[in-house]
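Asker: Handing you a structure now.
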Amino acid sequence: MTRAERAAALVKAFARVYPDAHCELDHRNPIELLVATMLSAQCTDKRVNIVTKALFRTCKTAADYVALPQEQLEEMIKTTGFFRAKAKNIKAACTDLEKKHGGKVPRTMDELTALAGVGRKTANVVLGNAFDINDGVVVDTHVQRLSARLGLTKHTDPAKIERDLMKLIPRDKWTLFSHWLIWHGRRRCYARKPDCAGCEVQGLCPSAFKVGK
């Protein structure tokens, strides 16, 4: 099976296995998704969702984050880790949103990645999930791990992995494919002890029953 054939088969298989796959960061609008994604760096979605319950009650607009004292924001997001840097970046990004975009989250990769603390991964999350724009593939630790195990890439650099996936996966499935890999990584293909015996796509996986041996 070629890499392209495996990718096509995986798209069909994951569509059956995870028909309800979606972004698991709680959000109601683009600004909430942007902030939640920034907080999710080196942190679980579950922890972020706990933190943002209170945060989103306090801050509803970019202007709210700009006005919130740095120390108060740090305290509110402390349990997500790296809270000082995250608070600084959130306030800087929201300042740019106010000054350059009328307080609205922009809809292009270049404008998003120009914001403080926003890299390509965060921009892809926002574009794909807030605006339904498939500009790239989100490459987090799950996507990085599973892309290698499934034989879709030989690279370890996120940018190169993304390019490989963009060549293999239909553009209208870029956002969804990242959700499928993330869901599978959280529910079946664990980092240390993947559940190969229970895996729904083991027949398509060249690494099945080989990890850790």
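Asker: May I ask you to list the residues in segment 131-150 that are in contact (Cβ under 8 Å) with a residue 60 or more places away in the chain, open to solvent by 20 Å² or more (accessible area, probe 1.4 Å) and closer than 22 Å to ARG186 by Cα?
Answerer: We begin by selecting, within segment 131-150, every residue in contact (Cβ under 8 Å) with a residue 60 or more places away in the chain; these are 131, 149-150.
When the remaining residues are screened for being open to solvent by 20 Å² or more (accessible area, probe 1.4 Å), the result is 131, 149.
Of everything in segment 131-150, just one residue is in contact (Cβ under 8 Å) with a residue 60 or more places away in the chain, open to solvent by 20 Å² or more (accessible area, probe 1.4 Å) and closer than 22 Å to ARG186 by Cα, namely ARG149.
Asker: Which one is surrounded by the most Cβ atoms within 10 Å (Cβ to Cβ), of the residues in segment 16-56 that are among the small types (Gly, Ala, Ser) and without any contact (Cβ under 8 Å) to a residue 24 or more places away in the chain?
Answerer: The selected residue is ALA36.
Asker: Residue by residue through segment 151-164, note down the ones that are touching a residue at least 40 places away in the same chain (Cβ under 8 Å) and under 15 Å from the mean Cα position of the chain (by Cα).
Answerer: The answer is GLU162, and nothing else.
Asker: Return the residues of segment 109-129 that are more than 14 Å from the chain's Cα centre (by Cα), in contact (Cβ under 8 Å) with a residue 12 or more places away in the chain, open to solvent by 50 Å² or more (accessible area, probe 1.4 Å) and under 25 Å from TRP180 (Cβ atoms); say none if nothing qualifies.
Answerer: none
Asker: Okay, moving on. Could you run through segment 129-184 and say how many residues are in a helix (DSSP H, G or I) and touching a Gly at 6+ places or on another chain (Cβ under 7 Å)?
Answerer: 7
Asker: Something else now. Among the residues of segment 1-12, write down those that are modelled with pLDDT of 95 or more and open to solvent by 10 Å² or more (accessible area, probe 1.4 Å).
Answerer: To start, the set of residues in segment 1-12 that are modelled with pLDDT of 95 or more comprises 2-12.
Scanning segment 1-12 gives THR2, ARG3, ALA4, GLU5, ARG6, ALA8, ALA9, VAL11, LYS12.
Asker: Let me ask another. Step by step: first the residues of segment 68-102, then only those that are among the small types (Gly, Ala, Ser) and open to solvent by less than 20 Å² (accessible area, probe 1.4 Å), then the one that is nearest to LEU55 (Cα to Cα). Which residue is that?
Answerer: Once the filter is applied, the top-ranked residue is ALA87.
The values are calculated or read from the model by the stated rules, or taken from the named source; none is laboratory data. Quantities reported herein were computed from a predicted structural model and do not represent experimental measurements. Cβ atoms come from the backbone with ideal geometry, glycine included; neighbour counts cover every protein chain shown. Each accessible area value is taken on the protein alone, full model and side chains, heavy atoms only, with ligands, DNA and RNA left out. Shrake-Rupley method; radii C 1.70, N 1.55, O 1.52, S 1.80 Å.
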